[in-house]
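Structure record follows, encoded as C-alpha cells.
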Amino acid sequence: MTPADFEVYNANYVGGDIVGGSNDLRQILARPMLRMNPYATPVAGWYLCSASTPPGGGVHGMCGFNAAQSALRRHFDTADPSSLRSSG
C-alpha cells in the first residue's frame, strides 16, 4: 500500500503515518494531549494503550505496559502486579 492508500484505509493515518505523528519533544510530553495521566480517559476504567500514548510508536509494548501500570495505581493503589496475587 502507498501512504495515500493507508490514509484512505484509515483516516487516522494522516499522510500514511501509521504511528501517530512525529516523536518530537512536544509529542513525547503531550501525546495524545497534555494531561497528568496520558493513559486515562474521561470514562472510568478505560485507558489508552496505543502508539498515540507515551513513549509513542516504535517502542513496542511500552504503551500497554504504562497504561496497565496507570490502571493498577488508580484502582488498586499499587504499581506492582505481584502484590495482587492471591496467597492461596
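The values are calculated or read from the model by the stated rules, or taken from the named source; none is laboratory data. These numbers were taken from a predicted model, which means no experiment stands behind them. Side chains are part of the model used for accessible areas, which takes the heavy atoms of the whole protein and leaves out ligands, DNA and RNA. Shrake-Rupley method; radii C 1.70, N 1.55, O 1.52, S 1.80 Å.
No other residue among GLY58, GLY45, GLY15, GLY20 is open to solvent by less than 80 Å² (accessible area, probe 1.4 Å), outside any loop (DSSP other than H, G, I, E, B) and not hydrophobic (A, V, I, L, M, F, W, C) apart from GLY15.
Each row is one residue, and each column tells you yes or no for (1) open to solvent by less than 60 Å² (accessible area, probe 1.4 Å); (2) in a loop (DSSP other than H, G, I, E, B); (3) among the aliphatic types (A, V, I, L, M).
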{"site": "GLU7", "(1), (2), (3)": "no, no, no"}
{"site": "GLN27", "(1), (2), (3)": "yes, no, no"}
{"site": "MET36", "(1), (2), (3)": "no, yes, yes"}
{"site": "SER50", "(1), (2), (3)": "yes, yes, no"}
{"site": "CYS63", "(1), (2), (3)": "yes, no, no"}
{"site": "ASN66", "(1), (2), (3)": "yes, no, no"}
{"site": "LEU72", "(1), (2), (3)": "yes, no, yes"}
